[in-house]
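This report refers to the structure that appears directly beneath it.
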Amino acid sequence: MKARTVFGVLIVAVLLFPLYWMVNASLQPSGALLRPDPAFFPVGGTLDGYRKAWATQGPNLLSSVVVALGTVAVSLVIAAPASYALAQLKVRGGPVLVFVLLIVQMIPGIVMANALYTVFGNLGLIDSYLGLVLADSTATIPFAVLLLRAFMISVPKELTEASRVDGAGYWRTFVSIIVPVSRNALVTAGLFSFLFAWADFLFAVTLTTGQSFELITVGIYRFVGNQSADWNGIMATAVLAAIPAAVLLVVAQRYVVAGLTSGAVKD
Amino acid sequence: MTLVAPAVTAPPRTGRKPRRDNRFAAWLFLLPALGYLVVFFGYPLAANIAMSTQDYTVKSFYTGEAPFVGLANYAAVFGNPLFSAAVLNTVLFTAGSLLFQFGIGLALAVFFSGRFLGSALLRSLLLLPWLLPLVVSGAVWRWMFDQDHGVLNAALRLVGLDAVPWLSSTSWALPAVVLTNIWIGIPFNLVILHGGLRAIPASLYEAAALDGAGSWQRFRHITWPLLRPVTGIVLMLGLVYTIKVFDVIMVVTGGGPANATQTLTTWSYRLSFGDFAFGQGAAVGNVLILVATVFGLLYLRSAKATLAEAAA
């Protein structure tokens, strides 16, 4: 019994070593990182990396928050009513629509980026928050619709029909019955939308020029690409960019696993 | 992070025919999503197909002129020696990633499905690499691959081996990005396969144990066959998502050195946004769509079969 736990801890330690190494490097002076033998513990560490990261990437972190929250809002506002219709109201062509939503998820992001670049060029949406929110939503809306629909199918019909009998319209039923009972599913869809938009690099690098603002993922990419020896600054930025994922794992672990598994196997 | 396509199909519902107002209301609820699909998928994809038949350059953005060139972009792409290299890299990257992600993920799923102190907590910690932005993971691994100061080479030197020029050698760069991507993909395989394992009735294992079956025999004759449908789904989804991996390669190697890690995805990016040959970038993109859709349809078929089996 004990032996299994020890072995399990060992496995986790090996697999999470890269993350430890990131934190370790972020706390050491740049000079120390370029010595031939790495220091395995940040003894006598420094917060210089974080100061640099905050100074150069602080605005980018803020921009990423804006885009991620915008994506959550747009995704839920569009996806929730659609899921309600697909799950609870009979729509002719509903199954076809579900199929289309599954298929569009298979489209490689680079294709969307390429196409959206020319479309956005004409619409003046290059270098805009709105453009990035709309682009990120191409990934999150199909996902959110399918996830919410799978949940809303299980909402008992008696509940919504009772509301209808009481004289509530479809909209009232949606707002006062469906949305409250689907709270957990909405949280899950929102969390995943946030994480996706926060982590997005492809749209951020293709649909912005970096002239008016930059997202944190692009910031890290440029930082790394500068061939700089400033690895403690890079790793400090990486730690800051990893915080939402870590927070989520601690605070909303249940939702994360639910979203992940409901995604792949179950209905 | 990659979003995962939720599967599939509602259970068949029976009941009265919908009333007319019901249908009308349903369409109102669907309208925003439909509009979004048409504007942000339909139109761009059509534009992408059109673009692949045009000589689309930077100038086209100012003049609005992009002459029709038929299939010339496809001819140029297929005739480019980089095409076969990119296809080979994509196949090696995908196959290598899937094989090890799955193998390691399965081993871990079996290990962590045993109940022991802390198993649930440890398992959830292993999710972290999957939740991180890929750019973060890429940057960390790039630092670990550093030839002179990276921890991987320090470890090799410690056991008396030579340092490896991970990112500057054309033969090591692809294994390096594959290694990174394996690390990223393990949690996904672990969680899904773990779910599949939990669905196998414990009574089967108890019966097998009574018959004196060892742990390998139990795995071989119970776990593996009963896990097969889930296996199919995991591999198919992994395939669809690995073919289009972009961030990891861009951050770790940028497709280099000397195109040694250039895949169809990164090449499409370079054609469009590096060489500004948008027509050719679109052509490569359409090839990718074709491949992804074929495997996507296969995935849907296997997912449906799984659900049918579960219902039976």
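Read-outs throughout are calculated quantities, based only on the coordinates presented, and are distinct from any laboratory measurement. Treat the numbers as computed from the prediction; the structure is a model and nothing was measured. Here Cβ is always computed from backbone atoms with ideal geometry, including for glycine, and neighbour counts include all displayed protein chains.
Tell me, how many Å apart are the Cα centres for the stretch B:133-161 and for the stretch A:53-113? After rounding, the separation between the Cα centres reads 35 Å. Full extension of the segment from A:ALA246 to A:ALA162, taken as 0.36 nm per residue of separation minus the current Cα-Cα distance, would add 26.0 nm. Distant-in-sequence amide contacts of B:GLN54, defined by a placed amide H-H separation under 5 Å and a gap of 5 or more residues or a different chain, comprise B:VAL69. How much FRET efficiency would the formula 1/(1 + (r/R0)^6) give for A:VAL100 and B:PHE24, where r is the Cβ-Cβ distance and R0 is 25 Å, rounded to 0.05? Taking R0 as 25 Å, the efficiency between A:VAL100 and B:PHE24 is 0.75.
A simple spin-label model places the labels of B:ILE49 and A:TYR20 5.3 nm from each other, with each point 7 Å out along Cα-to-Cβ. With a/c under 1.5 counting as rounded, go ahead and sort chain B into rounded, prolate or oblate using the C-alpha gyration tensor (a ≥ b ≥ c being the square roots of the eigenvalues; past the cut-off, prolate if a/b is larger than b/c, else oblate). Oblate. Computed extension length for B:ALA95-B:ASN80: 3.0 nm, one decimal, from 0.36 nm per residue of separation with the Cα-Cα distance subtracted.
Of the chymotrypsin sites (Phe, Trp or Tyr not before Pro) found in the stretch A:40-74, those that fall in a DSSP loop while having at most 14 other beta-carbon atoms within 10 Å are A:PHE40. Extending 7 Å from Cα along the Cβ direction at B:ARG218 and again at B:THR63 yields two label points whose distance is 7.3 nm.
Pairs of lysines in the protein assembly as shown whose Cα atoms sit within less than 27 Å of one another amount to 11, provided the residues are eight or more positions apart or on different chains. Under the convention that each Lys and Arg Cβ holds +1 and each Asp and Glu Cβ holds -1, the size of the dipole of the protein assembly as shown around its Cα centre is about 1860 debye. Between the Cα long axis of helix A:231-251 and the first principal axis of chain A there is an angle of about 30°, rounded to the nearest 10. The trypsin sites (Lys or Arg not before Pro) found in the stretch B:197-250 include none that occupy coil by DSSP while having at most 15 further C-beta atoms within 10 Å. For the protein assembly as shown, just say rounded, prolate or oblate: build the C-alpha gyration tensor, square-root its eigenvalues into a ≥ b ≥ c, call rounded for a/c under 1.5, and beyond that prolate if a/b exceeds b/c, oblate if not. Note, shape of the protein assembly as shown comes out oblate. Just checking the listed ones, B:LEU127, B:LEU37, B:LEU226: in the Gaussian network model of chain B with Cα springs under 10 Å, the one fluctuating most is B:LEU37.
Residue separation of B:SER119 and B:LEU31 scaled by 0.36 nm, minus their Cα-Cα distance, works out to 27.1 nm of gained length.
Taking every full run of DSSP H in chain B, the ones that stretch at least 20 Å from end to end by Cα along their long axis and average 1.6 or higher on the Kyte-Doolittle scale are B:81-113. Projected label points at B:VAL38 and A:VAL179, each 7 Å from Cα along the beta carbon direction, are separated by 2.6 nanometres. Sparse packing (at most 16 other Cβ atoms within 10 Å of the Cβ) combined with a DSSP loop state is found for the following trypsin sites (Lys or Arg not before Pro) in the stretch B:33-136: B:ARG115.
Please determine, in degrees from 0 to 90 and to the nearest 10, the orientation of helix A:94-104 with respect to the longest principal axis defined by the Cα atoms of chain A, where the helix direction is its Cα long axis. On a 0 to 90 degree scale, this one is about 20.
Add -39500 (n - 2.57) for each DSSP H run of 4 or more in chain A, then divide by its residues: what number comes out at 222 nm, to the nearest 500 deg cm²/dmol?
-24000 deg cm²/dmol
When shorter helices are ignored and each DSSP H run of at least 4 residues is given -39500 (n - 2.57), the per-residue value for chain B at 222 nm works out to -21500 deg cm²/dmol.
In peptide A:81-91, how many Cβ atoms from other protein chains are near each Cβ within 10 Å, on average?
For this peptide, the per-residue mean of nearby foreign Cβ atoms is 6.
Using the alpha-carbon atoms, what tilt in degrees (0 to 90, nearest 10) does helix A:17-26 show relative to the longest principal axis of chain A? Approximately 60 degrees, to the nearest ten.
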